[in-house]
1. Can you spot a residue in the range 263-276 that is under 22 Å from GLU376 (Cα atoms), within 14 Å of the ligand (Cβ to nearest atom) and polar (S, T, N, Q)?
2. Can you pull out every residue in the range 114-133 that is within 16 Å of the ligand (Cβ to nearest atom) and not in a loop (DSSP other than H, G, I, E, B)?
3. Considering each of ALA49, ALA96, ALA83 in turn, give the residue that is among the small types (Gly, Ala, Ser), touching a residue at least 60 places away in the same chain (Cβ under 8 Å) and over 29 Å from LYS152 (Cα atoms).
4. Exactly one condition in (1) within 22 Å of the chain's Cα centre (by Cα); (2) farther than 21 Å from GLY78 by Cβ; (3) among the β-branched types (Val, Ile, Thr) is not met by VAL366; state its number.
5. Assuming ASP189 fulfils every condition listed in (1) within 21 Å of ARG64 (Cα to Cα); (2) away from the ligand (no atom under 12 Å from the Cβ) apart from one, which condition is it?
6. Counting only residues that are more than 14 Å from the chain's Cα centre (by Cα) and part of a helix (DSSP H, G or I), which one in the range 55-83 is surrounded by the most Cβ atoms within 10 Å (Cβ to Cβ)?
7. Could you tell me whether any residue of the range 88-103 is in a loop (DSSP other than H, G, I, E, B), within 14 Å of LYS71 (Cα to Cα) and in contact with a strand residue (DSSP E or B) (Cβ under 9 Å, 6 or more places away or on another chain)?
8. Among helices (runs of 4 or more DSSP H) lying entirely in the range 177-283, which contain 1 or more residues that are in contact (Cβ under 8 Å) with a residue 40 or more places away in the chain and acidic (Asp, Glu)?
Amino acid sequence: MVQNRRFFIKNTLIGSTALLVTPPVFSGSSEFLKNSFQSKPWIELSKTAYLNNAKEISKMAGGRPVIAVLKNNAYGLGDIQVAKILNESSFISAMALVKDTRALAIRMAGVDKPILLMGDFERANWDKLIRHNIILSVFSEASFQKIENLAKKCKKTVRVALYLDTGLGRMGIPYEQAIAMATEIAKNDVLEMVHTFSTLTTPKDFAKEQIKRFNAIVESLNKMNIQLGVKHLAPSLSLIDISESHQDAVRPGILLHGTFPLEKMEATKRFSMQPTFRLKAPVVRLELLKAGDTIGFSRFYKVENDEWIATLPIGWADGYYSGAENGAKVLISGKLYTVVNVNASHTNISLGSDTNISLGDIATLVGPDCKEISPEGFGELANGHNYLQINYKESIPKKVYEAF
Ligand SMILES: *Cc1c(COP(=O)(O)O)cnc(C)c1O
């Protein structure tokens with residue numbers, strides 16, 4: 001019976017040409033809206049949540065401005081979309097990217113706030129980077145020479161950031177060489193130092209040691225009258241935990257999306273961050289599997305008793321965390337269901353004996369709607385962590401809403 005009703009809905013909707021002219025609608029509760037022609041996953045973003053978070057972060061940092069780290073496609077959520085939203089916030093003073101092409105893409109999309117490139121750049125992009133006023137990082141002796149040569153060639157003052165390594169050991173001028181490099185930049189008439197920054201590590205004791213190293217450099221350079229521009233050190237964790245890390249501005253990534261860097265942080269109670277996104281996908285197949293059946297290539301899930309299994313057209317190749325099959329939940333029509341299998345392009349959900357779900361119903365895999373599917377709740381149930389969204393593929397379409 002249930003099967004018949006489901007086939008009826010599917011066939012009427014897909015068979016009717018009249019309905020094809022209606023654009024897909026992503027909200028609403030009627031049978032028609034739920035069965036819109038979505039066949040792929042998508043991401044929804046809330047403008048209000050982003051603007052709220054930018055304001056809250058500035059509050060955490062004693063009112064200081066926030067430099068938004070939008071690397072890795074804004075942690076998988078769409079760097080252009082997120083940058084355009086944050087460009088409207090008076091609490092955001094700049095955006096920081098790691099790839100030259102993404103820094104340019106954000107500028108082309110109309111972002112007019114300062115853009116800091118924290119990584120290297122292709123020589124072929126040099127002209128564009130200068131023309132679009134992207135701040136370039138001096139992160140090694142070689143990068144200094146590259147920027148200096150190009151600046152001399154084009155006879156323009158180029159705005160640079162002095163990127164210091166105070167102990168992360170990954171990028172930047174080793175802190176022992178900071179004074180020498182800052183002096184070289186300062187005496188160079190084609191370069192203007194507009195930022196000085198470093199990155200703190202996670203262990204609090206060592207982060208404090210890094211702050212001491214940074215402050216000592218700043219003090220020496222101040223005495224030498226060398227302009228350092230905006231000074232910043234703090235990713236999300238340090239900005240929450242260590243007030244001395246705040247400097248002139250803070251530089252969070254994950255917090256902007258409403259997620260704390262670690263699970264169960266005490267600060268979650270003090271600040272009202274809002275999850276900024278939903279990951280959604282429609283039910284594209286419903287089947288009653290029989291006791292003894294299995295799901296997946298590795299026959300990962302074994303059906304104990306007859307149960308309805310829904311298939312969603314999203315998998316680990318889309319960046320959905322494969323560990324979700326450890327027991328993550330999805331929300332469909334206000335009810336939570338368990339993920340039982342994640343393959344490259346498909347995810348299966350157990351509905352048990354529940355027959356209220358229809359083809360085309362929309363599952364929310366991650367979102368603010370309840371604790372279990374919040375980014376942190378999802379990370380916990382999937383035995384993951386709080387940064388899992390960073391793997392979402394660029395190909396997943398984004399829809400920007402004023403608010404959810
Ligand atoms: C990623 C990154 C950040 C932001 O880190 P979160 O933990 O996401 O806040 C800040 N600074 C640098 C240099 C980074 O690479």
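1. Checked the range 263-276: at least one residue is under 22 Å from GLU376 (Cα atoms), within 14 Å of the ligand (Cβ to nearest atom) and polar (S, T, N, Q).
2. Selection gives ILE115, LEU116, LEU117.
3. Values: ALA96 fails: over 29 Å from LYS152 (Cα atoms); ALA83 fails: touching a residue at least 60 places away in the same chain (Cβ under 8 Å).
It is ALA49.
4. VAL366 satisfies every listed condition except (2).
5. (1)
6. Within the range 55-83, the match that is surrounded by the most Cβ atoms within 10 Å (Cβ to Cβ) is ILE57.
7. Here is the first cut: in the range 88-103, the residues in a loop (DSSP other than H, G, I, E, B) are 88-91, 98-99.
Then drop every residue that is not within 14 Å of LYS71 (Cα to Cα), which leaves 98-99.
Narrowing further to those that are in contact with a strand residue (DSSP E or B) (Cβ under 9 Å, 6 or more places away or on another chain): 98-99.
Checked against the condition, which is being in a loop (DSSP other than H, G, I, E, B), within 14 Å of LYS71 (Cα to Cα) and in contact with a strand residue (DSSP E or B) (Cβ under 9 Å, 6 or more places away or on another chain), the range 88-103 yields at least one hit.
8. On the way: elements: 178-187, 204-223, 236-241.
Where helices (runs of 4 or more DSSP H) fall fully within the range 177-283 and carry at least 1 residues being in contact (Cβ under 8 Å) with a residue 40 or more places away in the chain and acidic (Asp, Glu), they are 178-187, 204-223.
The values are calculated or read from the model by the stated rules, or taken from the named source; none is laboratory data. Since the model is a prediction, treat every value here as computed from it, not as a measurement. We place every Cβ from the backbone using ideal geometry, glycine too, and count neighbours over all the protein chains shown.
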